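K.L.:
I'd like to ask some things about the structure below.
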């Protein structure tokens with residue numbers, strides 16, 4: 001027997017535990033450490049969800065603004081084209097639209113507050129030939145006016161303001 005082994009009274013041999021010089025000792029992860037790690041991951045996940053919600057909201061607002069811009073540009077192009085070809089230009093009695101008379105056709109622009117859109121309807125012999133809709137996606141109170149061959153429509157969606165002018 002070498003110096004490291006000892007005999008017990010019951011003739012059993014006890015060999016002391018030795019650590020390997022090449023391998024560091026292993027240590028178990030405690031329940032507290034696991035819970036702390038999970039709590040930290042939860043805080044990071046909550047922050048990420050909050051940021052994602054903010055980014056999504058900003059994206060939705062930007063998308064609505066771009067859609068309104070496209071509708072306003074499309075509306076301006078159509079109105080200018082219609083007014084150029086007109087023989088007679090007049091404002092509707094209630095001030096909520098414009099009528100344009102062309103060769104055998106009448107083009108009417110009106111505000112539809114339920115749809116939040118300006119509607120363009122082309123009538124020929126009292127029947128609808130063409131319809132178009134310019135949506136703005138937010139509360140809008142357009143102001144239509146006609147003066148000396150000039151049609152002016154003021155659009156105010158939110159903080160923006162567009163003035164569309166069309167001349168005969």
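Read-outs: derived from the displayed coordinates by stated rules, not from any lab. Note that the coordinates shown come from a computational prediction; the quantities given were computed from them, not determined experimentally. Cβ sites come from the backbone with ideal geometry, for glycine too, and all protein chains shown count toward neighbours.
K.L.:
Could you work out the relative contact order of region 44-141? I mean the mean sequence separation of Cα pairs under 8 Å and 6+ apart, divided by the number of residues, in percent. The partial results should precede the final answer.
P.N.:
Working: 121 pairs, mean separation 18.5, N = 98.
Value for region 44-141: 19 percent.
K.L.:
Also, I was wondering about something else. Please work out the Cα center distance from region 98-165 to region 42-71, rounded to the nearest Å.
P.N.:
32
K.L.:
If you don't mind, there's one more thing I want to ask. Could you rank the peptides 57-69, 35-47 by their average count of other C-beta atoms within 10 Å per residue, with the highest value first?
P.N.:
57-69, 35-47
K.L.:
Tell me, what is the Rg over Rh of region 85-138, with Rh the Kirkwood radius over Cα pairs? Kindly include the intermediate steps, with their values, before the conclusion.
P.N.:
Numbers: Rg = 11.6 Å, Rh = 11.6 Å.
Taking Rh as the inverse mean 1/r over Cα pairs, Rg/Rh reads 0.99.
K.L.:
If we sort 161-167, 118-124 on the protection proxy, mean other Cβ atoms within 10 Å, highest first, what's the order? If you can, show how the numbers build up before the last one.
P.N.:
On the way: 161-167: 15.3, 118-124: 17.9.
Peptide ranking by packing, descending: 118-124, 161-167.
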